[in-house]
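Here is the structure we will look at, set down as structure tokens.
Read-outs: derived from the displayed coordinates by stated rules, not from any lab. This one's a predicted model, so the numbers in the text were calculated from it and none came from an experiment. We place every Cβ from the backbone using ideal geometry, glycine too, and count neighbours over all the protein chains shown.
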């Protein structure tokens, strides 16, 4: 448990020391909320959809968490290249504790990023329909962060090239985001699109946040929570197995 705490704390300290990283990670979500929210808002309202910013913000929060969580895996490659990972792996502790500590640290960072985006959304006019569900919103955000941090760490464990990792992440992130329903409703989609959105794991995170923030859900909060919890277990198991294969 001490190893988990130390690695978790190290990730948090590294994050807060990099102010440019925090600001840079907020630029894209803020641009999406302002440009898309106000740009497509009148069209969405005329189509009978209501307030587009209310619909959009849960998806943008998910986007911010997804990006931060997946790209956290690059720190595994960074630590491998600069020797810190070797020092960690030769320590007399199970690798399971190492991967749990790193994943919890990355998930905490991604969750904080999502909460910052939520606070920014309040300044552009977003309002939750039920403030009492905010604790559940935080849980959903953390589950999204935990699942995709574990996935990013699992992928990074198989690579030693940061540029290759970034290419794979860019190839993975955009389809996950755009096909999750973050920018458009999931109702009345073509059959093929409906199947794809249901396979996309981020779909259940976006829908879970909409359930807690605006009271609208395609699948129901219980199903969203269950799917995210199962994904966390699966991705953590895969990440632990792949991390155990890392050569020092």
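Under the classification rounded if a/c is under 1.5, otherwise prolate if a/b is larger than b/c and oblate if not, where does region 99-248 fall, given a ≥ b ≥ c as square roots of the Cα gyration tensor eigenvalues?
Note, shape of region 99-248 comes out prolate.
Between region 124-155 and region 22-64, what's the alpha-carbon centroid distance in Å?
17 Å
Calculate, for residue 170 and residue 124, the FRET efficiency according to 1/(1 + (r/R0)^6) with r their C-beta to C-beta distance and R0 35 Å; round to the nearest 0.05.
0.80
Using a simple spin-label model with points 7 Å from Cα along the Cα→Cβ vector, what separation in nm is obtained for residue 245 and residue 46?
My value for the distance between the label points is 5.4 nm.
In nanometres, what is the gap between the two model label sites at residue 116 and residue 178, each 7 Å from Cα along Cα-to-Cβ?
Inter-label distance under the simple model: 2.7 nm.
Which value in nm describes the separation of the simple spin-label points at residue 187 and residue 222, placed 7 Å from the Cα toward the beta carbon?
With each label placed 7 Å out from Cα toward Cβ, I get 2.2 nm.
Shape verdict for region 184-241, please, from the Cα gyration tensor: rounded (a/c under 1.5), prolate (a/b greater than b/c) or oblate.
oblate
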